[in-house]
Amino acid sequence: KQEVTQIPAALSVPEGENLVLNCSFTDSAIYNLQWFRQDPGKGLTSLLLIQSSQREQTSGRLNASLDKSSGRSTLYIAASQPGDSATYLCAVSQVSGNTPLVFGKGTRLSVIA
Amino acid sequence: EADIYQTPRYLVIGTGKKITLECSQTMGHDKMYWYQQDPGMELHLIHYSYGVNSTEKGDLSSESTVSRIRTEHFPLTLESARPSHTSQYLCASSEYTGDTQYFGPGTRLTVL
C-alpha cells in the first residue's frame, strides 16, 4: 500500500529565507506527483504537478523536484514571504490501486515577518 | 481560479439527522472526488466518480453515499449523522485520472 510521508511536520522561518520541504513515497510506480497548498479552513490549491518522466517543475519562486527511483520529492521555496504561510501537501497518483491520489499529512509552514 | 463549489461551508447538526453535502463544478470534468480530512491529518478519499452513473468507494470506509446523475453535480449524503462524522469534507474534480485536481472550499461538519 502506498504511503506518503512529509518531513518536517511543521517549520517556522524568518521572512526572506529559502527553504525545502520533503516528501517521500514507498511505491515508485506513480503517474505523477503533485504539491498543493492549503490555507486554514480552506480547500487545496494545486501548486505544481511533476510527471513521472520529469525531474523538476518550476513556478515563480517554487521549484519541485522528483526522484522517482528513490521515492523522493522536494519543494523549494525561494525568498519566503509571510503570505507563504500555509500547509503544503504532497500527493502521488498511482499506477495501480483504486485510489487516484494518496496524500501525505503535510508540512505546516510559518514565515515570520 | 477553479470553478468548483461546495455548500454549505459550515454545518452544525444533531445526531440522527439526514444531511446532504453539495458539490458542483462548471469545468465539465468527468472525474470527481470526495475526501475527508480531520484537523491536522491527511486527506482520505471516501468516494469518487469517473462519470455519470459511475461511483466507487475510496480507501477510507465511510457510511456516506454519493450519486452522479449529472456531470457537474456530485452530492454526498449521510442518512443518520453521528458525532464520529464530525470532520471537514472536501470535493475535487479533474479532467482525467492523475491530472491536477481542483478543490472546492470544503464543508466543515459538526455533529452534536
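We did not get these values from a lab; they are worked out from the coordinates using the rules stated. A quick note: this is a predicted structure, and the numbers were derived from the prediction, not measured. A quick note on method: Cβ atoms are made from the backbone with ideal geometry, for glycine too, and the neighbour counts reach across all protein chains shown.
Amide H contacts for residue A:85 (H built 1.01 Å from N in the peptide plane; partners 5 or more residues away or on another chain; cut-off under 5 Å): A:111. Put simply, the amide H of residue B:86, placed in the peptide plane, has neighbours under 5 Å in B:111, leaving out anything fewer than 5 places away on its chain.
Which FRET efficiency value, to the nearest 0.05, do you get for residue A:79 and residue A:9 by plugging their Cβ-Cβ distance into 1/(1 + (r/R0)^6) with R0 = 41 Å?
0.95
Inter-chain Cβ neighbour count for B:96-104, averaged per residue, equals 6 (cutoff 10 Å, partner chain atoms only). Would you mind checking the stretch B:69-112 for residues with the amide N under 16 Å from a putative spin-label position 7 Å along Cα→C-beta of residue B:61? From the stretch B:69-112, the list is B:84-85.
Taking the square roots of 5 times each eigenvalue of the Cα gyration tensor of chain A, largest first, gives ellipsoid semi-axes of 24, 14, 12 Å. When we measure straight from the Cα of residue A:68, which lysines land under 22 angstrom away, once same-chain ones fewer than 8 places off are left out? The reachable lysines, counting only those whose Cα sits under 22 Å from residue A:68, are A:1, A:105.
For A:36, B:74, the sequence from fewest to most other C-beta atoms within 10 Å is A:36, B:74.
Efficiency by 1/(1 + (r/R0)^6): what FRET value for residue A:17 and residue A:51, r their Cβ-Cβ distance, R0 = 35 Å, to the nearest 0.05?
According to the calculation, E is roughly 0.75.
By the beta-carbon count within 10 Å of each Cβ, the least crowded to most crowded order of B:24, B:80, fewest first, is B:80, B:24. The H on the amide N of residue B:31, modeled in the peptide plane, is under 5 Å from the matching H of B:94, each at least 5 residues off or on a different chain. Put in order of Cβ neighbour count within 10 Å, fewest first, the listed residues B:52, B:12 become B:12, B:52. Across the stretch B:76-83, computed HN-Hα scalar couplings (Karplus, 6.51 cos²θ - 1.76 cosθ + 1.60, θ = phi - 60°) run 10, 10, 10, 5, 8, 5, 10, x Hz from first to last residue, x flagging Gly and Pro.
Across chain B, Cα pairs under 8 Å and at least six residues apart give a relative contact order of 36 percent. In the stretch B:68-112, whose amide N lies under 14 Å from the spot 7 Å out along Cα-to-Cβ of residue B:17? List them in ranges. Counting backbone N atoms under 14 Å from the label point, the list is B:78-83, B:85-87, B:108-112.
Partner shielding of A:40-53 amounts to 4, given as the average count of beta-carbon atoms from other chains within 10 Å of each residue beta-carbon.
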